[in-house]
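The values are calculated or read from the model by the stated rules, or taken from the named source; none is laboratory data. Since we're looking at a predicted model, the values are computed, not measured. Virtual Cβ from ideal backbone geometry, glycine too; neighbours counted across all protein chains shown. The accessibility values were calculated without ligands, DNA or RNA, using every heavy atom of the protein model including side chains. Shrake-Rupley method; radii C 1.70, N 1.55, O 1.52, S 1.80 Å.
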Amino acid sequence: MDQPSGRSFMQVLCEKYSPENFPYRRGPGMGVHVPATPQGSPMKDRLNLPSVLVLNSCGITCAGDENEIAAFCAHVFELDLSDNKLEDWHEVSKIVSNVPHLEFLNLSSNPLSLSVLERSCAGSFAGVRKLVLNNSKASWETVHTILQELPDLEELFLCLNDYETVSCSPVCCQSLKLLHITDNNLQDWTEIRKLGIMFPSLDTLILANNNLTTIEESEDSLARLFPNLRSINLHKSAGLHCWEDIDKLNSFPKLEEVKLLGIPLLQSYTTEERRKLLIARLPCITKLNGSIVADGEREDSERFFIRYYMEFPEEEVPFRYHELVTKYGKLEPLAVVDLRPQSSAKVEVHFQDKVEEMSIRLDQTVAELKKHLKTVVQLSTSNMLLFYLDQEAPFGPEEMKYSSRALHSYGIRDGDKIYVEPRMK
């Protein structure tokens, strides 16, 4: 049989991990020396391979000598073949079947949609626990074949594959814990519910950058479909427009973590409002958008929620409001406190035997105040010393000796005093 044209896996392996390019180093994780290979092998004692092989973007089209692969890759457990030119599943099978301890395989951005994956080929993937097929345009038929032959698969990546629908597998995959299916075009929730049917043990579902519309599912049905879901990512779900969709997330019985950035529903709220309203509506989550929800933050958010909705018409108040009123009681509106610094103050200016009440701007500097006082005390600014007395200060007057210091930094208030004295020559 003619060997496929292009660079082989073994050819690239020999080039990248030759002693010149990848010298042997002792120590954990630094490289593993491969002992003598089968008799007659031209590769004998030549390569120093790590247990994690990264051969992305190398133009690989075929496997190469399978005996050589078996000899050098017996200890390999991670293999990155992304962005190559592999288009035949048989060639992938030749590689994988000779890496007996392989647990992680990345086949992203290979044109594998051009061939059909037969079950006999898929069987060589049996030990893989994490499989990445991003941008491979793998059909659902291919995915189903893989699922039937990978009894220990725990993580599956199907991003950027142009999926508009989900095709249900004839058998459930009980082992899968994480499904990463971002950047597709899954709009209707009826497609998402199929994922729950196929993957009943799913712990993490990452749906970011799909055009997901409203969650049309009863609470009981959601609980049955996703009984083990702990984390869901709905970033940039363009069709989520109502709070009822957010409330539906409470139907997942084990949900702890939610990611909800970039959805239309939240765009009109401030960052603080978004976070507090979401935390208050989702009482069981412990992490929101990557940040842990502390007990104190939850209580603050729930109290904020009550005050936020207390002036709304009864028909617009969510059910969660009544639950929280039962928990905390009806709260008083927060007092509005103006925390802006005072812009001016009325002070007493003392000079010799004279006392004059003046209103001074607090945004000016000590030097500017001296210029303002020149005509009042008949002293030049260079011959003027100022002392500030806080009416409640226990330590006496403080000299205002820094010309560029702003008056508001002294905390000057109405009724305080400023003493002017001539500089002693």
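Report the extension gain between Thr270 and Phe319 in nm, rounded to one decimal, defined as 0.36 nm multiplied by the number of residues separating them, less their alpha carbon distance.
15.4 nm
Our estimate of slack between Ser382 and Phe312, defined as 0.36 nm per intervening residue step minus the Cα-Cα distance, is 19.0 nm.
Give the shape of segment 344-422 as rounded, prolate or oblate, defined through the alpha-carbon gyration tensor: a ≥ b ≥ c are the square roots of its eigenvalues, a/c under 1.5 means rounded, and otherwise the shape is prolate if a/b is larger than b/c and oblate if not. In terms of gyration-tensor shape, rounded. Structure note, pairs Lys137/Lys236; Lys177/Lys236; Lys130/Lys276; Lys16/Lys236; Lys94/Lys259: Cα-Cα distances above 28 angstrom occur for Lys130/Lys276; Lys16/Lys236; Lys94/Lys259. Given their separation in residues at 0.36 nm each and the Cα-Cα distance between them, Asn289 and Tyr402 gain 36.0 nm when the chain is fully extended. With θ taken as phi - 60° and the Karplus curve 6.51 cos²θ - 1.76 cosθ + 1.60 applied, the whole-hertz 3J(HN,Hα) list for segment 82-87 is 5, 6, 10, 10, 6, 10 Hz, x standing for glycine and proline. In the full protein context, segment 267-315 carries 56 Å² of accessible surface per residue, based on a 1.4 Å probe and ignoring ligands, DNA and RNA. Ligands, DNA and RNA left out, the 1.4 Å accessible surface of the chain is 50% carbon and sulfur atoms. Couplings for segment 285-299, taken from phi via the Karplus curve 6.51 cos²θ - 1.76 cosθ + 1.60 with θ = phi - 60°, read 6, 10, 9, 10, 6, x, 10, 5, 9, 7, 4, x, 5, 5, 4 Hz in order; Gly and Pro are left as x. Taking a straight line from the alpha carbon of Lys354, these lysines sit under 19 Å away, with near neighbours fewer than eight places off in the same chain left out: Lys346, Lys370, Lys371, Lys374, Lys417.
For Ile60, the residues whose amide H sits under 5 Å from its own are Lys85, ignoring neighbours fewer than 5 places away on the same chain, with H placed 1.01 Å from N.
Which shape class applies to segment 212-342: rounded if a/c is under 1.5, otherwise prolate when a/b exceeds b/c and oblate if not, where a ≥ b ≥ c are the square roots of the Cα gyration tensor eigenvalues? Judged from the Cα gyration tensor, segment 212-342 comes out prolate (a/c at least 1.5, a/b above b/c). Debye-formula intensities of segment 266-308, expressed as log10 I(q)/I(0) at q = 0.24, 0.25, 0.30, 0.32 Å⁻¹, are -0.79, -0.85, -1.16, -1.26 (one equal scatterer per alpha-carbon, no solvent).
Listed by chain and number, the aspartates and glutamates placed with their C-alpha closer than 18 angstrom to that of Lys327 are Asp295, Glu297, Glu299, Asp300, Glu302; residues fewer than eight positions away on the same chain are left out.
Applying 1/(1 + (r/R0)^6) with r as the Cβ-Cβ distance of Ala393 and Lys371 and R0 = 30 angstrom yields a FRET efficiency of 0.70.
Which shape class applies to the chain: rounded if a/c is under 1.5, otherwise prolate when a/b exceeds b/c and oblate if not, where a ≥ b ≥ c are the square roots of the Cα gyration tensor eigenvalues? Oblate, since a/c reaches 1.5 and b/c is not below a/b. Surface analysis of segment 344-422 yields an accessible area of 59 Å² per residue, using protein heavy atoms and a 1.4 Å probe. Evaluating 6.51 cos²θ - 1.76 cosθ + 1.60 at θ = phi - 60° for every residue in segment 137-142, the Karplus couplings come out as 6, 4, 6, 5, 4, 5 Hz, glycine and proline recorded as x.
Considering only Leu265, Leu81, Leu379, the mean-square fluctuation computed in a Gaussian network model of the chain, springs between alpha carbons under 10 angstrom, is largest for Leu379.
Among Thr270, Thr365, the sequence by solvent-accessible area, most first, with a 1.4 Å probe is Thr270, Thr365.
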